[in-house]
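Scroll down for the structure; my scribbles are underneath it.
Every read-out reported here was derived from the displayed coordinates using simple, explicitly stated rules and does not represent laboratory data. From a predicted model like this one, the values you see are computed outputs, not experimental measurements. All Cβ positions, even for glycine, are placed from backbone atoms using ideal geometry, and neighbour counts span all protein chains on display.
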Amino acid sequence: MIYTIQGLENDHPVREMLYNLLPTEIPERADSAPEDVDALGVCVEQVGMENCIRVCCVRQGKQACAERRAPISDDAEQTKRARTHAVKTAIFEAVSPFLDTVPEWGSLTGVRPAKFARSFMEQGYTPAQVAKLMTETYHVSAARRALAIRSAGIAMDLKEKIHPNDISIYIGIPFCPSRCSYCSFVSHSIEKAGKLMAEYLDTLCGEIVHTGEILRQAGLRIVTIYIGGGTPTTLSAQQMDCLLQTVHQSFDLQALEEFTVEAGRPDTITREKLLVLKKHGVDRISINPQSMNDAVLEGIGRHHSAQDVLDRYQTAREVGFSAINMDTIAGLDGDTPESFAHTIDTLLALNPENITVHTLAAKRGADQHDRAHNAKKQEAVRQMLEIASKKLTAAGYAPYYLYRQKFMAGGFENVGWCKMGYECKYNVYMMEELQTIVSLGAGGVTKLLGTDGRKIRRISNPKYPYEYNVSLERINAGKQAILDWAKSGSSLSD
Ligand code: SF4
């Protein structure tokens, strides 16, 4: 699709909406569009104290136009935000008459729809008023509004209980037994990068020890720990034992409420490793099948079967884990709504406390990143998510957090479902940006939350293990920012 713009210096919102609405077409900017060609024209003009946005879409000889207005205020950022929203909504309104299926999130883009809903609820809007706004201004469907508003309510409840000195810790283990075809994380298969692992663990323990000292000096309370990846259980039982001993020796865990380790791939889970986790107080694990269909698992490069998932789950229960999450993905190649329903039914029969339903995203960096191919799965994914929603609701699970990613089939979302009282606090704190998260390991991004709860300062560790392994001194020096932030009472001056 060709597009032209006038009066708008940044075409990012235009491209983003076109990708959302017409994911099989590549948006191309042009100075002008010939009359007989499918094209979108966006024009922004100042009229009094408003920006007036006019969008016209021509497709197969037919035309649809939309107009939106956005207020101009003294606050440049606010003016820009209002204009961007208005541009996106006008594009949505001009293009959607030509679509067979309209995206359920309407013109709402961004990773955190619940945070968006919460921002209004915290200003005093009732859930009904937020629902009205999401419908009338952003064209969000009833199901997606309900999801965002429910998750926003859970985040608000958790936020009320957060103590000003509370923080969470994330520890990353960027290794996996093999690489899944859809994965875009910086995760290294142990076949290729196994030799880095021992050195990685030494560096990580060095970072944990130093961070523990900083947190102690800063008087911060660790309330949740999340060890993710990659696949943390790629570590041997001895390596895991060593890591968790360092965690216990370095951090004051008196206020700890939740300790999660993503066991993830069933082909890395052994009774011995689970016993090590249990011994060190880990109370929540993930065993992630993604699919319970062997052909689908093979197609995405997972070296385990559905039976392995059942066996490892059984072992985890025998070892005594009473909070288990299981991840699934809607839209994997070779999966159908019927076979996805089989996955959900099989997991429900196991009765885990949490089930997370992801939507496949065609992400850059993944082996499988064909956006057009992914976009064609929109209807199948919609059916899969509906099946999951109905079955999980009927079985007593409820959604508690969600997030979106770019290039998801149908523009849908990832949703964490749980039984009552089993919400993973870390997931909500992190996704809703409710609390400071100190992240350790390669690719870790510490997010210090300012006093206003909005401003965030990021401190990034080197992304790749080979860079991380040689940067401990610099990484540890960077931790001074945590101490400065805590001593200033969470102020984030520029
Ligand atoms: S197990 Fe997870 S992190 Fe590892 S390659 Fe597969 S999707 Fe990526």
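Here is how the numbers come out for the structure above:
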quantity	calculated
Cα-based shape type of the range 208-272, given that a ≥ b ≥ c are square roots of the gyration tensor eigenvalues and the cut on a/c is 1.5	prolate
Partnerless Cys - the chain, beta-carbon criterion under 4.7 Å	Cys43, Cys52, Cys57, Cys176, Cys205, Cys242, Cys418, Cys424
Qualifying trypsin sites (Lys or Arg not before Pro) for the range 396-437 [loop in DSSP, other Cβ within 10 Å: at most 14]	none
Computed E for Ser73/Glu318 - FRET, C-beta separation, R0 56 angstrom, nearest 0.05	0.35
17 Å Cα-Cα reach of Lys487 towards aspartates and glutamates, excluding residues that sit fewer than 8 places from it in its own chain	Asp166, Glu213, Asp452
Magnitude of the charge dipole, the range 1-99, Cβ model with Lys/Arg +1 and Asp/Glu -1, debye to 20	260
Partners for Lys279 among lysines (Cα-Cα distance below 22 Å; same-chain residues under 8 apart left out)	Lys425
Ile227 long-range amide H proximity, modeled H, under 5 Å	Ile171, Thr260, Val261, Glu262
Net lengthening on full extension, Arg454/Lys159 (0.36 nm per residue, minus Cα-Cα)	104.9 nm
Residues with amide H under 5 Å from that of Asp327, placed H, sequence gap 5 or more	Ile287, Asn288, Gln290, Thr356
Cys183 long-range amide H proximity, modeled H, under 5 Å	Asp367, Gln368
Global form of the range 152-243, assessed from the alpha-carbon gyration tensor, a/c cut-off 1.5	oblate
Centre separation in Å (Cα based) which lies between the range 400-455 and the range 211-274	18
Nearest-0.05 FRET efficiency for Ala477 and Glu379, computed from C-beta distance (R0 41 Å)	0.20
Whole-Hz couplings from phi, Karplus 6.51/-1.76/1.60, listed for the range 410-420; x for Gly and Pro	x, x, 6, 7, 9, 10, x, 10, 8, 6, 4
Dipole of the range 158-439, positive end: most advanced residue of Gln245, Thr393, Gln383 [Cβ charges, Cα centre]	Gln383
In the range 19-93, the GluC sites (Glu not before Pro) that fall in loop regions by DSSP, at most 15 other Cβ within 10 Å	Glu25, Glu35
Antiparallel bridges, percent of DSSP beta bridges restricted to the range 158-439 (to nearest 5)	25
Tensor-based shape of the chain (alpha-carbon gyration tensor, a/c under 1.5 rounded, otherwise prolate or oblate)	prolate
Table column - 3J(HN,Hα) (Hz), the range 96-103, Karplus curve with 6.51, -1.76, 1.60, x for Gly and Pro	4, x, 8, 9, 6, 10, 8, x
